[in-house]
Each structure stands twice: as C-alpha cells, then as structure tokens.
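Novice: Let me begin by handing over the structure; questions about it come next.
The values are calculated or read from the model by the stated rules, or taken from the named source; none is laboratory data. Bear in mind that the values here come from a model prediction, so they are computed numbers and not experimental data. With ideal geometry, Cβ positions are generated from the backbone for all residues, glycine too; neighbour counts draw on all protein chains shown. For accessibility, only protein heavy atoms count, side chains too; no ligands or nucleic acids. Shrake-Rupley method; radii C 1.70, N 1.55, O 1.52, S 1.80 Å.
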Amino acid sequence: MDLTHYRTLGRSGLIVSPLALGTMTFGAGRWGADQKTAHALFDAYISGGGNFIDTADIYSGGASEEMIGEFMADAGNRDRLVVATKSGFSRGGPTPLWSGNGAKNFRLALETSLRRLRTEYIDMYWVHVWDRTTPCEEVLQTLVDAVRAGKILHYGFSNTPSWYVAKIATLADAHGLPKPIGLQYAYSLIDRGVELEILPLGEEFGLGMAPWSPLAAGLLTGKYSREKLNDAGLAPALPDKASDGRGGGGDGRLNGDNPFGGMLFTERNFGVVDVLKEVASEIGRSPAEVALKWVVERKGVSSVLVGASRVEQLQHNIGALDVAISAEQTRRLNDATALPPINPYFIFQMPIDSLFGRRVN
C-alpha cells in the first residue's frame with residue numbers, strides 16, 4: 001500500500017489518500033515548520049501521490065492556510081487535491097462572534113479560509129468542535145447553505161458528541177438535505193475511546209473516520225520512556241490516579257518537550273508502548289510505523305492525519321503504509337490497548353445469545 005491506494009471518505013465520492021497531510025505544524029513555533037520546510041513537506045507528500053491536505057482556520061493564526069494557498073498556486077495543482085479546513089475554535093479578538101458554531105462565525109470563518117487558501121471552494125469542511133450552544137438545526141442549515149452556494153462540497157464533524165452528529169445526520173436524511181460524510185477525532189493505540197460510540201455512528205450513517213493524533217502526541221514513536229522520565233527527575237503517573245497535568249513526580253513535559261505529558265505519561269500507556277516495541281522489533285520496523293499502520297487498517301477509517309516538522313519524518317510516516325502486521329501481532333496490540341468495561345458499553349459486548357436466550361445470526 002502507498003499514498004495512491006485511494007479510498008472514499010465515508011459514503012461519498014470524495015476520493016482520498018490513506019494518509020492525509022496534517023498541517024497544524026505549518027508556521028507553528030517550537031514544534032512547527034517555517035515557510036521553506038512547510039513547502040518541502042507539501043512537495044514531498046504530493047510527489048508521493050498524496051492528495052488530502054488538512055488544515056484549520058486557527059492553525060498558526062491562519063498562516064497554515066495561507067501557506068497551503070501559496071503552495072497550491074505555485075504548483076498549479078488545486079484541482080488534483082482534496083483540501084479540508086475547519087472552524088469552531090476561537091480566532092481571538094474582542095467578540096464571542098468569532099468562535100463557535102453559529103451562522104455568523106461560520107460565514108466569517110469560511111470566507112476568510114477561502115481567501116487564505118486562494119480557492120473558490122473547500123472540498124471537506126469540518127466543524128472543528130462542538131460549542132455546546134448552537135442548535136443542531138442552525139448548524140445544519142448553515143452547512144447546507146454553504147454546500148448549495150458551492151463554497152463547500154462536503155462536511156463533517158470533529159470533537160463533537162455522537163448524539164449531536166446523529167441528530168444532524170438524521171435531520172439531513174429526513175429532509176433530503178446534503179448529509180455529513182466524515183468524522184475527525186483522536187484515535188490511536190493509546191486512545192481507542194471512539195470505538196464506543198463514534199465509530200458505530202460512522203458505520204450507521206456512512207461517515208468515514210479521519211483520525212488525528214494517531215501517534216498519541218509522539219508517545220507511540222517510542223522516544224519517551226520510563227528511563228527518560230526518571231533521568232529528568234520525573235515519574236510516570238500511576239494507572240489508578242487521575243493526572244493533574246504534572247506527569248506523576250514532576251511537570252510531565254520533559255522541560256516543555258511534550259505539552260500533553262501529564263495525560264500521556266502513565267504506567268498503563270508505557271505498557272502499551274512495551275508491546276508496540278516488541279511487535280515492531282519482530283518485523284524490523286519502527287514503533288511509529290506499526291502504530292500508524294494499526295490505525296490505517298481499523299474498520300471505518302478512511303484516511304489518517306499525519307503531521308511532521310521534517311521531510312524525513314514525513315517520509316518515515318508514509319513508509320508505514322507498507323508495513324505488514326500479522327493477525328497474532330494485531331491481537332496482541334488489541335489486547336494491550338483494550339478499553340475498560342465501561343457502563344453501559346460492557347453490556348453490548350456480551351454474547352447476543354444472552355439477550356435472546358438462543359443462538360441468533
């Protein structure tokens with residue numbers, strides 16, 4: 001498999017590469033890529049056959065969208081690419097009207113993104129986050145209006161409750177309106193929470209998953225370890241203690257190296273990394289490659305977002321597509337990362353015979 005083994009995003013005709021280029025790093029600070037590096041990343045992804053570029057209105061204060069617009073204009077390849085962007089998080093400023101899912105912010109954000117990206121339409125528009133305020137009906141109407149105006153072709157949801165997305169999808173279907181086609185949520189060997197409701201939602205309504213953070217903010221690359229934490233005077237948080245953002249015995253960030261350290265550096269998660277490293281060693285590949293391929297092959301996943309700050313890092317991630325993981329190795333990874341029996345989901349995992357009292361196919 002490579003970047004040209006295209007898939008459709010959900011139940012749609014939108015054809016995308018199995019890995020999408022995530023551009024949150026474009027123009028960012030310490031962990032980001034400057035103009036020259038971002039251009040090199042863009043070129044490397046395109047030259048490898050990739051066609052799915054993902055950004056957002058808030059990434060680097062809009063610089064990410066501006067760079068992509070410039071790169072596409074230079075290459076003259078806009079018509080060969082699937083461009084996705086998002087709105088919902090605050091863009092700053094003195095007014096609450098520049099954030100959320102309301103019609104006014106949506107219009108302002110979309111028009112700004114179109115201008116930055118130097119394009120007349122967005123292929124895939126994501127509602128970036130649920131604002132807990134705007135009614136489903138308003139969100140649906142605003143999105144449908146944008147589709148009918150030709151400013152977006154498709155839409156989907158990120159960081160939004162399953163019931164909210166299901167209501168919008170049901171309303172759209174009942175009234176013959178353009179329906180959502182995609183979901184964008186964190187999904188990795190470390191965090192499989194989307195398997196409880198989000199992935200079943202996608203299967204029921206034809207929404208393809210495009211996971212972000214498939215390497216769990218770098219933990220699944222193997223570069224963090226218990227030893228590194230100990231050397232830094234820190235300690236992994238115990239599995240039965242809630243993290244306070246301080247990673248157990250210290251600030252949990254390895255001197256600022258990982259802002260998510262307090263949530264990631266737990267004994268349970270390092271146990272997952274141990275199994276991942278074992279499998280990677282058995283097949284002669286890196287932990288990052290195995291972790292990425294695991295997500296790519298999950299049921300319901302259409303395309304996986306990968307970000308990078310160096311071309312070599314991006315090429316390494318793309319190399320994950322040709323990794324072969326055996327059924328037995330997949331089982332070990334699944335067992336090591338299984339979700340706890342949370343109420344009421346453990347009931348749904350019981351054999352169906354226990355519900356009907358007899359075998360049901």
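Novice: Most fluctuating residue of V272, V304, V290 in a GNM of the chain with Cα springs under 10 Å: which is it?
Specialist: V272
Novice: Excluding F42 itself, what net charge comes from residues whose Cβ is under 10 Å from its Cβ, given Lys and Arg +1 and Asp and Glu -1? Don't skip to the answer; put the middle values down first.
Specialist: Numbers: positive: none; negative: D43, E70, D74.
Its environment carries a net charge of -3.
Novice: Still on this structure, I have one more. Can you compute the charge dipole magnitude of the range 274-361 about its Cα centre, using +1 on each Lys and Arg Cβ and -1 on each Asp and Glu Cβ, nothing else charged? Give it in debye, rounded to the nearest 20.
Specialist: Numbers: 10 positive and 10 negative charges, 67 e Å.
The calculation lands at about 320 debye.
Novice: Per the Cauchy relation, a quarter of the hull surface: what is the mean projected area of the convex hull of the alpha carbons in the range 1-104, in nm²? Before the final figure, lay out each step's value.
Specialist: Working: hull surface 32.5 nm².
The Cα convex hull of the range 1-104, projected and averaged over all directions, gives 8.1 nm².
Novice: Can you give me the orientation-averaged projected area of the convex hull built on the Cα atoms of the chain, in nm²?
Specialist: Values: hull surface 79.2 nm².
Taking the Cα atoms of the chain, their convex hull projects to 19.8 nm² on average.
Novice: Near the amide H of D131, under 5 Å away, which other amide H atoms are found, from residues 5 or more places off or on another chain, if H is placed in the peptide plane?
Specialist: Result for D131 returns N101.
Novice: Among the lysines, select those whose C-alpha is under 30 Å from the C-alpha of K86, and discard any that sit fewer than 8 residues away in the same chain.
Specialist: Answer for K86, where 30 Å is the Cα cut-off: K36, K104, K151, K167, K179, K293, K299, listed by chain and number.
Novice: Which shape class, rounded, prolate or oblate, goes with the range 49-195 when its Cα gyration tensor gives a ≥ b ≥ c as root eigenvalues, a/c under 1.5 marks rounded, and past that a/b bigger than b/c marks prolate? Provide the component values of the computation, followed by the final result.
Specialist: Working: a/c = 1.38, a/b = 1.31, b/c = 1.05.
It is rounded, given that a/c, with a ≥ b ≥ c, falls under 1.5.
Novice: For the chain, give the percent of accessible area contributed by carbon and sulfur heavy atoms, probe 1.4 Å, rounded to a whole number. Write down the numbers at each step before the final one.
Specialist: Working: 9000 of 16710 Å².
Summing carbon and sulfur atoms, their accessible area is 54 percent of the total for the chain.
Novice: Using a Gaussian network model of the chain with C-alpha springs under 10 Å, which one of I68, I122, I342 is most mobile by mean-square fluctuation?
Specialist: I342
Novice: With the dipole of the range 42-145 worked out from charges on the C-beta (+1 for Lys and Arg, -1 for Asp and Glu) around the Cα centre, which of A75, A109, P94 lies farthest toward the positive end?
Specialist: P94
Novice: Restricting to DSSP H runs of at least four residues, report the calculated mean residue ellipticity at 222 nm for the chain, -39500 (n - 2.57) per run over all residues, nearest 500 deg cm²/dmol.
Specialist: Numbers: 14 runs with 138 residues, N = 361.
Mean residue ellipticity at 222 nm (helix-derived): -11000 deg cm²/dmol.
Novice: Moving on to the next point. About the Cα centre of the chain, what is the dipole size in debye to 20, counting +1 per Lys and Arg Cβ and -1 per Asp and Glu Cβ, all else neutral?
Specialist: For the chain, the charge dipole is close to 340 debye.
Novice: Placing +1 on the Cβ of each Lys and Arg and -1 on the Cβ of each Asp and Glu in the range 1-160, which of G29, T160, A40 has its Cα farthest towards the positive end of the resulting dipole?
Specialist: T160
Novice: Share of antiparallel DSSP beta bridges in the chain, in percent to the nearest 5? If you can, show how the numbers build up before the last one.
Specialist: Numbers: 2 of 29 bridges.
If I count the DSSP bridges inside the chain, around 5 percent turn out antiparallel.
Novice: Mind checking which of A327, A84, A338 is farthest towards the positive end of the chain's charge dipole, using Cβ charges of +1 (Lys, Arg) and -1 (Asp, Glu) about the Cα centre?
Specialist: The one lying farthest along the dipole's positive direction is A84.
Novice: Treating the Cα atoms of the range 63-120 as identical point scatterers in vacuum, please give the log10 of the normalised Debye intensity I(q)/I(0) at q = 0.31 Å⁻¹, two decimals.
Specialist: Each listed q maps to, in turn, -1.26.
Novice: A further question follows. Report, ordered by chain and residue number, the lysines lying within cross-link reach of K223, taken as a straight Cα distance under 17 Å and ignoring same-chain residues fewer than 8 apart.
Specialist: K277
Novice: Separate question: Report the charge-dipole magnitude of the range 97-138 in Debye, nearest 20, computed about the Cα centre from +1 at each Lys and Arg Cβ and -1 at each Asp and Glu Cβ.
Specialist: Details: 6 positive and 6 negative charges, 48 e Å.
Dipole about the Cα centre, nearest 20: 240 debye.
Novice: With springs connecting C-alpha atoms under 10 Å apart, model the chain as a Gaussian network and identify which of I198, I347, I190 has the largest mean-square fluctuation.
Specialist: Highest fluctuation of the listed residues: I347.
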